[in-house]
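A.B. asks: First the structure, which I've put down as structure tokens, then a few questions once you've had a look.
The values are calculated or read from the model by the stated rules, or taken from the named source; none is laboratory data. Just so it is clear, the structure is predicted and the values come from calculations on it, not from any experiment. Virtual Cβ from ideal backbone geometry, glycine too; neighbours counted across all protein chains shown. Protein only, heavy atoms only, side chains kept; ligands, DNA and RNA dropped before computing areas. Shrake-Rupley method; radii C 1.70, N 1.55, O 1.52, S 1.80 Å.
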Amino acid sequence: MNQINRVAIVGGTHGNEFTGAYLIQKFAQFPGLITRQSFETVTLLANPNAFAAGRRYVEKDLNRCFLKQDLQDPTLSSYEELQAKSIQDTLASNKDKQADFILDLHSSTANMGLTIILVNSHPLNLKLAAYLSQINPLVRIYRCSFKSIEENPFVNSLCELGFAIEVGPIAQGLLNAALFQQTEELIYAILDYLEQFNQGGIPSTNETLILYEHLSVMDYPKQEDGTIFGMIHPELQDKDYQALNPGDPIFITFDDKIIFYEGISTVWPIFINEAAYYEKGIAMCFTQRQQIKI
């Protein structure tokens, strides 16, 4: 792509993640903050009913409703499924209004810092991620790639360019001024970068990028009936993006038995003890730390 014509900033995909939702409200009130000369910037509060209720979702996780087959299935009619189809119509179906870059704003109860979540390895996404990590050492890059766009259930499946920003730790249903401002600054840096891209002069960055490649997920210790009987070990809590070596403690059960990591190689866990992932059976995601050339 030689020109970005329309950038969409999406917030409130999860209704109890207030950072993105209130940034959308701020930008609606002060549109000049996100206005750039060479492209149109639009904002979208993705899940207004869930946001009004202060809940992650009403019936179904909206950020799992964007599988291509689901968007094309007329029988799917829950609130979030219909909302996903509406968002597709707004951002992807109309060529005149199609978003060329989608930025989806999220927050986490886990110690994720300022995380860029890539769902593909488009060169522009990688270069922009490298630029953001270069200008802000707090930025980390997590790549959760899908084999094809048809397998991607996230909002970012609607557009090849773009990614999610995940910030934390912050409790659900709260605002944190520092994280709010850090997210806001990242958004401005992204918009400025895209403006320079359109003008043919993107900032130079390092030729290598450190990223954390998704490997797998791990569930909590559970009894046969599915009841949790263990917690994240205190030595692992809040240690997102730090090395977990074979033999390190990972869980502690309610009868005070320690469960150790039994993998054969070092991993870097993230989304450790994310509140929203209890229902998904995810205690953490394992990643591999990589340095790649871009």
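A.B. asks: Quick check, is Asp219 among the charged types (D, E, K, R), crowded, with 18+ Cβ neighbours inside 10 Å and either in contact (Cβ under 8 Å) with a residue 60 or more places away in the chain or closer than 20 Å to Ala275 by Cβ (or both)?
C.D. replies: Taking the combined requirement at face value, the residue does not satisfy it.
A.B. asks: Looking at (1) open to solvent by less than 30 Å² (accessible area, probe 1.4 Å); (2) farther than 20 Å from Gly162 by Cβ; (3) assigned to a loop (DSSP other than H, G, I, E, B), which is the one condition that is false for Ile4?
C.D. replies: Looking at each condition in turn, Ile4 falls short on (2).
A.B. asks: Within region 70-83, is there a residue that is surrounded by fewer than 22 Cβ atoms within 10 Å (Cβ to Cβ), over 16 Å from the mean Cα position of the chain (by Cα), under 14 Å from Leu105 (Cα atoms) and of a type outside the set (A, V, I, L, M)?
C.D. replies: no
A.B. asks: Could we say that His233 is under 18 Å from Ala110 (Cα atoms), surrounded by 15 or more Cβ atoms within 10 Å (Cβ to Cβ) and touching a Lys or Arg at 6+ places or on another chain (Cβ under 9 Å) here?
C.D. replies: no
A.B. asks: Test of understanding: among Leu23, Leu33, Leu45, Leu62, which residue is farther than 22 Å from Val119 by Cβ and at pLDDT 95 or above?
C.D. replies: Of Leu23, Leu33, Leu45, Leu62, the one residue that is farther than 22 Å from Val119 by Cβ and at pLDDT 95 or above is Leu33.
A.B. asks: Ok, one more. Name the single residue that is farthest from Leu175 (Cα to Cα) among those in region 3-20 being over 14 Å from the mean Cα position of the chain (by Cα) and among the aliphatic types (A, V, I, L, M).
C.D. replies: Ranking the qualifying residues of region 3-20, first place goes to Ile4.
A.B. asks: Right, here's the next one. Name the pairs whose Cβ atoms lie under 8 Å apart, with the first residue in region 165-177 and touching a residue at least 24 places away in the same chain (Cβ under 8 Å), the second in a loop (DSSP other than H, G, I, E, B) and open to solvent by 70 Å² or more (accessible area, probe 1.4 Å), and 6 or more positions between them or separate chains?
C.D. replies: Pro169/Asp238
A.B. asks: Now a separate question. How many residues does region 139-149 contain that are open to solvent by 40 Å² or more (accessible area, probe 1.4 Å) and at pLDDT 95 or above?
C.D. replies: Summing the residues that are open to solvent by 40 Å² or more (accessible area, probe 1.4 Å) and at pLDDT 95 or above in region 139-149 gives 1.
A.B. asks: In region 237-263, which residues are among the aliphatic types (A, V, I, L, M) and under 28 Å from the mean Cα position of the chain (by Cα)?
C.D. replies: Across region 237-263, the qualifying residues are Ala243, Leu244, Ile250.
A.B. asks: Hey, can you tell me all the residues within region 94-128 that are open to solvent by 60 Å² or more (accessible area, probe 1.4 Å) and either touching a helix residue (DSSP H, G or I) at 6+ places or on another chain (Cβ under 9 Å) or modelled with pLDDT of 95 or more (or both)?
C.D. replies: Answer for region 94-128, where residues must be open to solvent by 60 Å² or more (accessible area, probe 1.4 Å) and either touching a helix residue (DSSP H, G or I) at 6+ places or on another chain (Cβ under 9 Å) or modelled with pLDDT of 95 or more (or both): Lys97, Gln98, Lys127.
Here's the yes/no breakdown for (1) within 30 Å of Gln72 (Cα to Cα); (2) in contact with a helix residue (DSSP H, G or I) (Cβ under 6 Å, 6 or more places away or on another chain); (3) surrounded by fewer than 21 Cβ atoms within 10 Å (Cβ to Cβ):
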{"site": "Glu160", "(1), (2), (3)": "yes, no, yes"}
{"site": "Ala171", "(1), (2), (3)": "no, no, yes"}
{"site": "Gln181", "(1), (2), (3)": "no, no, yes"}
{"site": "Glu185", "(1), (2), (3)": "no, no, yes"}
{"site": "Glu195", "(1), (2), (3)": "no, no, yes"}
{"site": "Asn198", "(1), (2), (3)": "no, no, yes"}
{"site": "Pro203", "(1), (2), (3)": "no, yes, yes"}
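A.B. asks: Assess whether Thr287 counts as being touching a Phe, Trp or Tyr at 6+ places or on another chain (Cβ under 6 Å) and open to solvent by less than 10 Å² (accessible area, probe 1.4 Å).
C.D. replies: Yes: the conditions hold for Thr287.
A.B. asks: Does Arg64 count as open to solvent by 10 Å² or more (accessible area, probe 1.4 Å), charged (D, E, K, R) and out of contact with any strand residue (DSSP E or B) (no Cβ under 8 Å at 6 or more places or on another chain)?
C.D. replies: For Arg64, the condition - open to solvent by 10 Å² or more (accessible area, probe 1.4 Å), charged (D, E, K, R) and out of contact with any strand residue (DSSP E or B) (no Cβ under 8 Å at 6 or more places or on another chain) - is met.
A.B. asks: Moving on to the next point. When Ala189 is evaluated against the numbered criteria (1) open to solvent by 60 Å² or more (accessible area, probe 1.4 Å); (2) in a helix (DSSP H, G or I); (3) modelled with pLDDT of 95 or more, which criterion, by number, is the only one it fails?
C.D. replies: Of the numbered conditions (1) open to solvent by 60 Å² or more (accessible area, probe 1.4 Å); (2) in a helix (DSSP H, G or I); (3) modelled with pLDDT of 95 or more, the odd one out for Ala189 is (1).
A.B. asks: Filter region 28-43 for residues that are touching a helix residue (DSSP H, G or I) at 6+ places or on another chain (Cβ under 7 Å) and buried (at least 16 other Cβ atoms within 10 Å of the Cβ) and give the result.
C.D. replies: Matches in region 28-43: Ile34, Arg36, Phe39, Thr41, Thr43.
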